[in-house]
Amino acid sequence: EHRLARFFGAPGPVGRASGCGRDARLDPGYPPYDRLDLAVPARRSGSIQARTRIRIEEMRQSAGMVRRLLDRLAGSPSDLPLCAPVQLRPEHSDDADSEPQEPGNREGMALVEGPRGEVLAWVRLTAHGRIARAHLRDPSWLLWPLLGTTAEGLPVHAAAGLRASIGASAAARDG
C-alpha cells in the first residue's frame with residue numbers, strides 16, 4: 001500500500017503512514033507552527049495499523065501544542081486582535097519604496113493541514129472586495145483514487161475497513 005500512497009500523493013495521515021512526511025503546517029509552513037516544536041510522525045508500511053498509530057500520535061501532539069500555546073497566552077491581554085485588518089485597496093503612500101498598485105481583482109491561495117491532509121483554498125476578489133470566484137480542494141480528491149486502486153479485489157468486509165482507515169469523504173468529493 002505504501003507505494004500506491006506515494007504514487008497518488010496521498011496527503012495527511014495516509015501519506016505519513018506510508019513514508020511521506022509532508023505536513024502543510026511545516027511545508028510551506030505558517031504561524032504559529034513555525035514557532036512550535038512540531039515533529040511530524042511517520043511510518044513506512046502504509047497499513048491500517050500504521051494509519052491508526054499516526055492519528056493517535058497526532059492527537060497526542062495536538063494536545064501538547066494546545067498546552068504550549070495556552071502557556072504562551074497566560075498573562076496576555078485577551079482583547080488583542082488575532083491579525084491586522086486587511087486593506088483590499090491600498091491608500092496612497094508617500095513611501096518611495098512602495099510599488100503603485102492598480103485597482104482591480106485580487107486573488108490568493110492557501111494550503112492548510114486538515115484532519116485528512118492538505119486543504120487547498122483559492123479565492124478571487126473583485127476590486128470592491130467581494131468574492132468573484134472560489135475553489136476548495138478537500139484531501140479526499142487525492143484519497144479516492146488511492147482507495148479504489150487499493151481496494152480492488154478485496155472482500156467487502158476488508159474494503160470497508162480500508163475505506164474507514166483512509167478516511168476519504170464522499171461529501172467532500174461531491175460537486
Q | Within the range 125-139, considering residues that are surrounded by fewer than 11 Cβ atoms within 10 Å (Cβ to Cβ) and assigned to a loop (DSSP other than H, G, I, E, B), the one nearest to the chain's Cα centre (by Cα) | A | Arg130
Q) Got a sec? Which of Leu136, Leu125 is at pLDDT 90 or above and farther than 30 Å from Gly167 by Cβ? A) Leu125
Q: Output the number of residues of the range 18-55 satisfying the condition of being part of a loop (DSSP other than H, G, I, E, B), over 20 Å from Glu152 (Cα atoms) and touching a Ser or Thr at 6+ places or on another chain (Cβ under 8 Å).
A: 2
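Residue-wise test of (1) in contact (Cβ under 8 Å) with a residue 40 or more places away in the chain; (2) open to solvent by less than 20 Å² (accessible area, probe 1.4 Å).
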{"residue": "Arg16", "(1), (2)": "no, yes"}
{"residue": "Gly19", "(1), (2)": "no, no"}
{"residue": "Arg22", "(1), (2)": "yes, no"}
{"residue": "Asp27", "(1), (2)": "no, no"}
{"residue": "Tyr30", "(1), (2)": "yes, no"}
{"residue": "Asp37", "(1), (2)": "no, no"}
{"residue": "Arg44", "(1), (2)": "yes, no"}
{"residue": "Gln49", "(1), (2)": "no, no"}
{"residue": "Ile54", "(1), (2)": "yes, yes"}
**Q.** Any chance Arg163 is in a loop (DSSP other than H, G, I, E, B) and either within 24 Å of Arg3 (Cβ to Cβ) or at pLDDT below 90 (or both)
**A.** no
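Based on what the data block shows, is Arg116 farther than 18 Å from Leu26 by Cβ, at pLDDT 90 or above and either touching a Cys at 6+ places or on another chain (Cβ under 9 Å) or surrounded by 13 or more Cβ atoms within 10 Å (Cβ to Cβ) (or both)? Spell out the reasoning first.
Working: farther than 18 Å from Leu26 by Cβ: no; at pLDDT 90 or above: yes; either touching a Cys at 6+ places or on another chain (Cβ under 9 Å) or surrounded by 13 or more Cβ atoms within 10 Å (Cβ to Cβ) (or both): yes.
Criteria not met by Arg116.
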Q: Please enumerate the residues belonging to the range 91-113 that are surrounded by 11 or more Cβ atoms within 10 Å (Cβ to Cβ) and either under 16 Å from the mean Cα position of the chain (by Cα) or modelled with pLDDT under 55 (or both).
A: Ser93, Ala110, Leu111, Val112, Glu113
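The values are calculated or read from the model by the stated rules, or taken from the named source; none is laboratory data. These figures come from a predicted structure and were not determined experimentally. Cβ sites come from the backbone with ideal geometry, for glycine too, and all protein chains shown count toward neighbours. Each accessible area value is taken on the protein alone, full model and side chains, heavy atoms only, with ligands, DNA and RNA left out. Shrake-Rupley method; radii C 1.70, N 1.55, O 1.52, S 1.80 Å.
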